[in-house]
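The values are calculated or read from the model by the stated rules, or taken from the named source; none is laboratory data. Quantities reported herein were computed from a predicted structural model and do not represent experimental measurements. Don't worry about glycine lacking a Cβ; one is built from the backbone with ideal geometry, like all the others, and counts go over all protein chains shown.
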Amino acid sequence: MMADWALKEGYRPAILSRATAANMEEGLRGVRRTPSLCTPVEAGDEPYLLAKNLQGVPVVLSKARYKAGLHAYEQHGSNFFILDDGFQHVGLKRDLDLVLLDATSPFGNMHLLPAVH
C-alpha cells in the first residue's frame, strides 16, 4: 500500500528487506519480477512476493539496510525507502514508523513492541 501510494505521489520507492543467510552469499541482491531470475528460495517468500506484486518497485536484499538503500538510489533512482520488517532496525533515520498488527490477536505472544528476546 505504501509503495503504491508513493508511486502515485511521484516518488520512486524501493523496498529494503533484510536478507537471510541462505539468500545472501554475495552480500547484496536485487529481486526481479521474473520468476526465472529469482526464486522464492533465493530471495525468501516475502521479498519475492513483494517484487512480483509491485511492478516498477525494486526490492533489494541486504543485511546492511543502508547499503541496500544506497544501491536502490544509485541503480534505480529511488527516493522513498520502505523497510520490510524494519521497526526494530534503529540504525537508519526515518520519517515514519508504521506497524501492522494482527487484529484478531494483536499481542498474542504477550510481548511489547519492540520485543527483545
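Miscellaneous remarks
- Close pairs from the stretch 1-18: first aromatic (F, W, Y), partner surrounded by fewer than 20 Cβ atoms within 10 Å (Cβ to Cβ), Cβ under 7 Å, at least 6 apart: Y11/N79; Y11/F80
- Residue ID - surrounded by the fewest Cβ atoms within 10 Å (Cβ to Cβ), chosen from residues in the stretch 52-90 that are closer than 19 Å to M1 by Cα and among the acidic types (D, E): D85
- Filter result for R29 (at pLDDT below 85, surrounded by 15 or more Cβ atoms within 10 Å (Cβ to Cβ) and touching a Gly at 6+ places or on another chain (Cβ under 9 Å)): no
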